[in-house]
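I have placed the structure first, in the form of structure tokens, so that the comments after it can refer back to it.
The numbers here are math on the coordinates, done by the rules we state, and not lab data. The model shown is predicted, which means the values in this text are computed figures rather than measured ones. With ideal geometry, Cβ positions are generated from the backbone for all residues, glycine too; neighbour counts draw on all protein chains shown.
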Amino acid sequence: MQKADQWDNYRSCLRIWPPSITVLVAADPVRRTDGDICQGLVRRSFRPQENYKMLQRFKDETYLIVALLVAVLAYVFEESLLHGGRTIAMISTAVLVLVIVLASVRVAHHAEVLAEKVGDPYGTMILTLSAVLVEVVILGIMMSHEPSPTLVRDTIYAAVMLDLNGILGLAALMGGLRHGEQPYNDDSARTYSVMILTAMGVSMVVPEFIPQEDWRLYSAFTIGAMLLLYGVFLRMQVGAHSYFFSYSYPEKKRRRNEHLATTQASGSAGPSIAMLCVGVVVIGALAEVMSQTMKVSLVGTGAPPMLAALLVAAIAAAPEILTALRAALANRMQAVVNIALGASLSTVILTVPIMEAMALYSGQPFQMAMTPVQTTMVLITIIVAAINLNDGETNAIEGMTHFVLFATFIMLSLIGL
């Protein structure tokens, strides 16, 4: 009865006060026209700031909301998509890939918010780990549907080429054209380069010489070696040698960057953690259907074997590309180096043990040894990166060398090498 009386009073207040007067009463307690009852009701009911924040949060998460709706529709109409012919399957695959990329952008955004809260080098580590998580989720789902002995190898190889030559090359090229020479801490580049070379050598070159009957033993050794490398590297990155992975910019630019970081990092980390987890789950659901539609759309087309691997690597790296380009154009090359080389290292050193553990569990080995063409491209890339990143400054010429190597990788992939 009491609630009914309050509602009647509230309706009477709305009849007495038009919306404009209601706003004034909520903002100014002195202005009231019909006593304390209406004043109290309006004060309790009208919360424009909270409503605006809620609407703004929904607006910010438009990509994830769309991805969730598409995932639900994809599961409902999965049979129709798979049995509607190649054209329907190809269109569905393209739409799902686009939606996965959009969801990945939001995942990267929330990872970036968390990164700004903790600062470097922890921040860059969160960014790269979120990208590797997306890649592992998509790879695991695709492998569960149609095990391919070379998909893991090709995806890691494609990711390294995309990170070291695509992201680093394009960022250094665009940043060099705008700012000329861009400084960074060369200790980080040397550390990353030697770690990438070691990890890829142990996990993707040496397996070529391992007898088939000993693959379980070497897989177990590879898992231990990768975890040991990452453990030592992680302790160095966040411990005594954390200064390797940071760079002191001029005072004016540093104040501007710190102000931007403070603005972006305001608020609680809880919502970002929650939305990051939701985004990964949604991406996994979308990848479940995408792997099926892509299989149907590629049957009998003669598409190169590297296409699926390149697609997975591109999806995982899409947010990193945007982040790296923004950093390069803002003359923050240290962030680009950490993202490009850190993503390459994380892809090798974390994806390999997870996938090798899956192989041991299933009893089906993966073909981890790279082909001669792949080995040659990796060696050329690491040598060029070691030379270009040895002086603490990048320029457009160095960026162009990496970008040409990336174009070469694309060409070789298209012709099936």
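At a glance:
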item	result
Protection-proxy order for peptides 133-143, 389-399, 331-341, each taking the mean of Cβ atoms within 10 Å per residue, highest first	331-341, 133-143, 389-399
Amide H contacts under 5 Å for residue 84, placed H, 5+ residues apart	none
Rounded to whole Hz, the Karplus (6.51, -1.76, 1.60) HN-Hα couplings of region 129-142, x for glycine and proline	5, 5, 5, 5, 4, 4, 5, 5, 4, 5, 4, x, 5, 5
Solvent-free Debye scattering, log10 I(q)/I(0), computed from the Cα coordinates of region 51-414 at q = 0.09 Å⁻¹	-0.51
Ranked by how many other beta carbons lie within 10 Å on average, peptides 362-371, 318-327 from highest	318-327, 362-371
Gain on full stretching of the segment that runs from residue 376 to residue 220 - 0.36 nm per residue minus C-alpha separation	53.5 nm
Karplus-derived HN-Hα couplings along region 231-237 (A = 6.51, B = -1.76, C = 1.60, θ = phi - 60°), whole Hz, x at Gly and Pro	x, 5, 4, 5, 5, 5, 5
Alpha carbon centroid spacing (whole Å) that separates region 82-102 from region 285-356	18
Nearest-20 debye value, region 289-407 charge dipole, Cβ charges on Lys, Arg, Asp, Glu	300
Order of 148, 297, 248 - criterion: other Cβ atoms within 10 Å of each residue's Cβ, fewest first	248, 148, 297
Residue-wise HN-Hα coupling along region 387-398, computed from phi with Karplus coefficients 6.51, -1.76, 1.60 (Hz; x: Gly, Pro)	6, 5, 9, 9, 10, x, 8, 10, 8, 5, 5, 5
Additional length obtainable on full extension of the chain from residue 186 to residue 242, 0.36 nm per residue less Cα span	18.8 nm
Listed peptides 303-315, 174-186 by packing density, highest first (mean Cβ within 10 Å)	303-315, 174-186
